[in-house]
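Undergrad: Once you've had a glance at the structure underneath, I'll fire off some questions.
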Amino acid sequence: MSYKLVEIFESLQGEGRNTGRPCVFVRFAGCNLACPWCDTDVRERFSMTLEELLAEIASYKAKTVVLTGGEPTLIEGAPELIAALKAAGYFIAVETNATVDAPWLQFVDYVACSPKAEFPDKIELKKANEVRVVASDDRAVEFCQRVKEIIEADDYYVSPCDHDGEIDFATAKSVLSKLDGWSLSVQLHKILGFR
Ligand code: SF4
């Protein structure tokens with residue numbers, strides 16, 4: 001079995017509750033959505049066996065691994081990877097679009113999801129540590145309310161939309177003022193210019 005990958009790099013978590021935490025980001029290839037504004041290249045660049053992937057992760061200092069994509073809940077061999085990372089003592093986080101309620105998610109330490117307003121009927125996830133919704137316009141209010149009814153989470157965040165580098169805090173603030181129990185998650189990596 002091999003894992004289809006886009007990139008592996010070490011950086012700080014840029015958003016949500018774990019903002020600022022040093023992490024190894026493992027970006028898997030492939031996604032089951034096609035968001036019109038998607039700026040993530042999810043094409044496979046290389047593949048690794050489990051042993052190769054573990055060795056690459058171990059070459060970085062961070063002891064938190066973020067499995068991201070694309071859509072990481074679609075990867076084959078996820079249970080084996082999770083078990084190996086656990087055995088090696090890593091804190092494991094997953095970033096998902098909430099369309100797949102993979103059974104192995106219960107074994108990771110942190111699930112962050114970002115359901116997409118363009119695909120409201122595809123949400124399958126029922127539980128997460130945090131939910132992040134991008135506020136493109138005021139219609140995000142209704143979507144956030146719907147998401148909160150579907151996904152039980154510790155934290156609910158609204159993220160400002162990025163229009164070609166212009167971060168729209170005004171819309172995020174307007175959306176937040178109409179919601180209860182949601183707070184702002186700034187995308188620090190975009191503001192400070194790190195990956
Ligand atoms: S879910 Fe994420 S990676 Fe997939 S198309 Fe949408 S923005 Fe891109």
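The values are calculated or read from the model by the stated rules, or taken from the named source; none is laboratory data. These numbers come from a predicted model, not from an experiment. Every residue, glycine as well, gets a Cβ built from its backbone with ideal geometry; the counts of neighbours run over all protein chains shown. With ligands, DNA and RNA removed, areas are computed over all heavy atoms of the protein, side chains included. Shrake-Rupley method; radii C 1.70, N 1.55, O 1.52, S 1.80 Å.
Undergrad: Would you kindly derive the ³J(HN,Hα) couplings of segment 4-21 from the backbone phi angles with the Karplus curve 6.51 cos²θ - 1.76 cosθ + 1.60 (θ = phi - 60°), listing them in order in whole Hz, with x for Gly and Pro?
TA: Calculated HN-Hα couplings, in order: 8, 10, 9, 6, 9, 7, 9, 7, 9, 4, x, 8, x, 4, 8, 3, x, 7 Hz.
Undergrad: Over segment 3-192, what percent of the accessible surface lies on carbon and sulfur atoms, probe 1.4 Å?
TA: Ligands and nucleic acids excluded, carbon and sulfur reach 50 percent.
Undergrad: Just the Kirkwood number for segment 3-192, please: inverse of mean 1/r across all distinct Cα pairs, in Å, one decimal.
TA: After inverting the pairwise mean of 1/r, the radius is 17.0 Å.
Undergrad: Further question: Quick check: Cα centre of segment 157-195 to Cα centre of segment 83-139, how many Å?
TA: 19 Å
Undergrad: Might you work out the accessible area of residue 127 for me, using a 1.4 Å probe with all protein chains in place, and round it to the nearest 10 Å²?
TA: For residue 127, solvent-accessible area is about 130 Å².
Undergrad: Next question, about the same structure. What is the helix-to-structure angle for 78-87, meaning the angle in degrees between its Cα long axis and the longest Cα principal axis of the chain, kept from 0 to 90 and rounded to the nearest 10?
TA: With rounding to tens, the tilt is 70 degrees.
Undergrad: I'd like the chymotrypsin sites (Phe, Trp or Tyr not before Pro) in segment 1-78 restricted to DSSP loop residues with at most 15 other Cβ atoms within 10 Å, sorted by number.
TA: Qualifying residues, ordered by number: 37.
Undergrad: If you don't mind, another one. Tell me, for the chain, which Cys residues have no other cysteine's C-beta sitting closer than 4.7 Å.
TA: Flagged as lacking a Cys partner: 23, 31, 113, 144, 161.
Undergrad: Once you charge only the Cβ atoms, +1 for Lys and Arg and -1 for Asp and Glu, what is the size of the charge dipole of the chain about its Cα centre, to the nearest 20 debye?
TA: 360 debye
Undergrad: Near residue 33, within a Cβ-to-Cβ distance under 14 Å, what is the net charge of the other residues, with Lys and Arg +1 and Asp and Glu -1? Mind showing how you got there, number by number?
TA: Values: positive: 116, 122; negative: 39, 71, 95, 118, 121, 124.
Value of the local net charge: -4.
Undergrad: Only sites in a loop by DSSP and with at most 10 other Cβ atoms within 10 Å count here; which trypsin sites (Lys or Arg not before Pro) in segment 7-57 make the cut?
TA: Counting only loop positions with at most 10 other Cβ atoms within 10 Å, the trypsin sites (Lys or Arg not before Pro) in segment 7-57 are 43.
Undergrad: Please find the FRET efficiency linking residue 59 to residue 189, where r is the Cβ-Cβ separation and R0 is fixed at 22 Å, and quote it to the nearest 0.05.
TA: Once the sixth-power term is evaluated, E becomes 0.50.
Undergrad: Could you state the accessible area per residue of the chain in Å², with a 1.4 Å probe and every protein chain left in place?
TA: On a per-residue basis, the chain sits at 50 Å².
Undergrad: Moving to a separate point now. Determine, from the Cβ-Cβ distance of residue 106 and residue 41 and an R0 of 41 Å, the FRET efficiency 1/(1 + (r/R0)^6), rounded to the nearest 0.05. Intermediate values should be presented prior to the final figure.
TA: On the way: r = 30 Å, r/R0 = 0.73.
The calculated FRET efficiency here is 0.85.
Undergrad: Give me the percent of DSSP beta bridges within segment 76-195 that run antiparallel, rounded to the nearest 5.
TA: Values: 3 of 20 bridges.
Given both bridge residues lie in segment 76-195, the antiparallel proportion sits at roughly 15 percent.
Undergrad: Taking 8 Å as the Cα distance limit and 6 or more residues as the minimum spacing, I'd like the relative contact order of segment 3-192 as a percentage.
TA: Numbers: 375 pairs, mean separation 32.8, N = 190.
Across segment 3-192, relative contact order equals 17 percent.
Undergrad: Continuing with the same structure: If R₀ is 45 angstrom, what is the calculated FRET efficiency for the pair residue 164 and residue 84, using the beta carbon separation as r and rounding to 0.05?
TA: My answer for the efficiency is 0.65.
Undergrad: What do you get for the angle between helix 140-150 and the principal long axis of the chain? Use alpha-carbon atoms, 0 to 90 degrees, nearest ten.
TA: Computed tilt is about 50 degrees.
Undergrad: Pull up all non-local amide H partners of residue 167: gap of 5 or more, or a different chain, and H-to-H distance under 5 Å with H placed in the peptide plane.
TA: Counting only residues 5 or more places away or on other chains, the set is empty.
Undergrad: Around residue 69, which amide H atoms from residues at least 5 apart in sequence, or from another chain, sit under 5 Å from its own amide H, with H modelled in the peptide plane?
TA: Answer set, sorted by chain and number: 28.
Undergrad: Of 4/126; 122/148; 63/126; 148/178; 4/127, which ones are farther than 20 Å apart at the Cα?
TA: Going by Cα-Cα distance, 4/126; 63/126; 4/127 fall outside the 20 Å limit.
Undergrad: Mind grabbing the accessible area of residue 23 for me, 1.4 Å probe, Å², rounded to tens?
TA: 0 Å²
Undergrad: Using amide H atoms built 1.01 Å from N in the peptide plane, name the residues 5+ places from residue 10, or on other chains, whose amide H lies under 5 Å from its own.
TA: Answer set, sorted by chain and number: 25.
Undergrad: Another question, if that's okay. Of the GluC sites (Glu not before Pro) in segment 53-142, which ones lie in a loop per DSSP and count no more than 16 other C-beta atoms within 10 Å?
TA: The qualifying sites are 76, 118, 124.
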